[in-house]
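This report concerns only the one structure given below.
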Amino acid sequence: MQKLSAKEAELQKVQDTEGVKNLIEVESRFLSEHLKPWVPDFCEKVINQANQSFYREMARITIEFLELECEISDSQKEKAC
């Protein structure tokens, strides 16, 4: 996601609207097909089984971050269409 976001920022700087639109679609697919299917369940297991609060809190942050990224991706997709 970091590399995709960095590439998106580069394309926005040069005002490559079509490139940004395509990259937003790639980011959205990556989120929905590769991260969303397993990351929340994994994080819930960490929250329920980790002995150290650091790992539980990192898992909570990860879930919130993923949800936010999905919301942002959905709103960007609507704008890009």
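Heavy-atom surface analysis with a 1.4 Å probe gives the chain a carbon and sulfur content of 54 percent of its accessible area. Pairs of Lys residues in the chain that lie 8 or more places apart, or on two chains, and have C-alpha atoms under 15 angstrom apart add up to 5. Take the chain with all the other protein chains still there, run a 1.4 Å probe, and you get 75 Å² of accessible area per residue. Assuming charge only on the beta carbon of Lys and Arg (+1) and of Asp and Glu (-1), the dipole of the chain about its Cα centre is about 200 debye to the nearest 20.
Quick one: work out Rg over Rh on the C-alpha atoms of the chain, Rh as Kirkwood radius. All intermediate terms of the calculation are to be shown ahead of the outcome.
Details: Rg = 15.2 Å, Rh = 13.8 Å.
We get a ratio of 1.10 for the chain.
Between SER75, SER53, PRO40, the Cα set farthest toward the positive side of the dipole of the chain (charges on each charged residue's Cβ, about the Cα centre) is that of SER53. Comparing mean-square fluctuations of LYS21, LYS13, LYS45 from a GNM of the chain with C-alpha springs under 10 Å, the top value falls on LYS13.
The values are calculated or read from the model by the stated rules, or taken from the named source; none is laboratory data. Owing to the predicted nature of the structure, the values given are computational and were not obtained by experimental measurement. Cβ: placed from backbone, ideal geometry, glycine included. Neighbour counts: every protein chain shown. Surface accessibility is based on the protein's heavy atoms, side chains included, excluding ligands, DNA and RNA. Shrake-Rupley method; radii C 1.70, N 1.55, O 1.52, S 1.80 Å.
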